[in-house]
Amino acid sequence: LSLYLASYRFRSIVVNRRGHTPGQKLKSPRVNIFGDVDDLEQVYWHVKNKMISPNTPIFLHGISSGTAVVVSALSKWDKRALLEPHRPSPQFTAAVTATPGYDTSRALQPDRFKWPYNPLMSQMVKDHFFAFNEEILRSYDNDAYQRVMNASSLQDVVDASAHFAGYPNASSYYHHTNPINEMQYISTPVYVINSIDDPCCSIDNLYDTSLNVDHGGKSYVELIKNSERCLLVITRTGSHLPFLDGYVYPFVSDPLSNQHGNEGVMLNSWADQSIAEYYVAALEVYNERRFL
């Protein structure tokens, strides 16, 4: 996607969640598998104040599990801008969430995040976030570490890791971090993409009735439909993120390598194309948001 966006003259800044960067150990026993909103806000202000010129349009983009922190952040910051206008809040021209799972307290259960991906990802998460940081995490809470390593599903891994994210238990963790909790406050334009055949983020998640009393018994698809600036696209195929376009040869010319005299190719993703087009359109339709 970064390569494709570069052909439209967009610059990408990739933010790895704490503990997600390969080969880099945690410096403190704090890790949230879905990402930390406070960490993301620090990155925003660094980019805003030190890396770009004033009034540069900024977009926020999340894919897969990374959509959780994007939705949580937009909910928190847009709510802050509404209720506490005297406090500075990160603002974006528009945002994208590709293949979100919606309610994180239910989305990773084995009947939703399906086999073989659930056991495979469970082990990968254990190895990458926890076993790799065993010493510092065990020293902080040995029992919690052991519960994580004994978890039998991806949902159980997240439940067991709540203490390392700064919460006493899973219930408190989801109460404070579940991205659907305050999604009704999002005023930033958002483009949402889901696929019916996604084996990891079940399309059924979208049609779940929200358990949040503030949502009035509506499903997430109804909440999105009722929002003023949210665009939801549901595709028949696409799996979990590829959205390949082309049965025989799903590749296109790499715009960057061709600029330098090379003949490179990259996967032809319908989603990448539509996201780039959405960002270009957002610059025209929501141009005034760059001055927020």
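Return yes or no: is V148 open to solvent by less than 60 Å² (accessible area, probe 1.4 Å), touching a residue at least 40 places away in the same chain (Cβ under 8 Å) and assigned to a helix (DSSP H, G or I)?
Spelling it out, it is not the case that V148 is open to solvent by less than 60 Å² (accessible area, probe 1.4 Å), touching a residue at least 40 places away in the same chain (Cβ under 8 Å) and assigned to a helix (DSSP H, G or I).
Exactly one residue out of L120, L154 is closer than 30 Å to E222 by Cα and among the aliphatic types (A, V, I, L, M): that is L154. Per the conditions (1) open to solvent by 30 Å² or more (accessible area, probe 1.4 Å); (2) touching a residue at least 12 places away in the same chain (Cβ under 8 Å); (3) not acidic (D, E), the sole criterion not satisfied by P179 is (1).
Of the residues making up segment 194-211, those that are without any contact (Cβ under 8 Å) to a residue 60 or more places away in the chain, open to solvent by 30 Å² or more (accessible area, probe 1.4 Å) and of a type outside the set (F, W, Y) number 3.
Of note, S161 does not satisfy the criterion of being open to solvent by less than 60 Å² (accessible area, probe 1.4 Å), at pLDDT below 95 and more than 17 Å from the chain's Cα centre (by Cα). With respect to the conditions (1) open to solvent by 10 Å² or more (accessible area, probe 1.4 Å); (2) out of contact with any strand residue (DSSP E or B) (no Cβ under 6 Å at 6 or more places or on another chain), C230 falls short on a single one, namely (2). Scanning segment 185-214 for residues that are modelled with pLDDT under 95 and either part of a helix (DSSP H, G or I) or touching a strand residue (DSSP E or B) at 6+ places or on another chain (Cβ under 6 Å) (or both) gives V213, D214. Summed over segment 1-53, residues that are more than 30 Å from S122 (Cα to Cα) and small (G, A, S) total 3.
The values are calculated or read from the model by the stated rules, or taken from the named source; none is laboratory data. These numbers come from a predicted model, not from an experiment. Counting neighbours? That spans all protein chains shown, and the Cβs are built from the backbone with ideal geometry, glycine included. Just the protein is used for accessible areas: all its heavy atoms, side chains included, with ligands, DNA and RNA removed. Shrake-Rupley method; radii C 1.70, N 1.55, O 1.52, S 1.80 Å.
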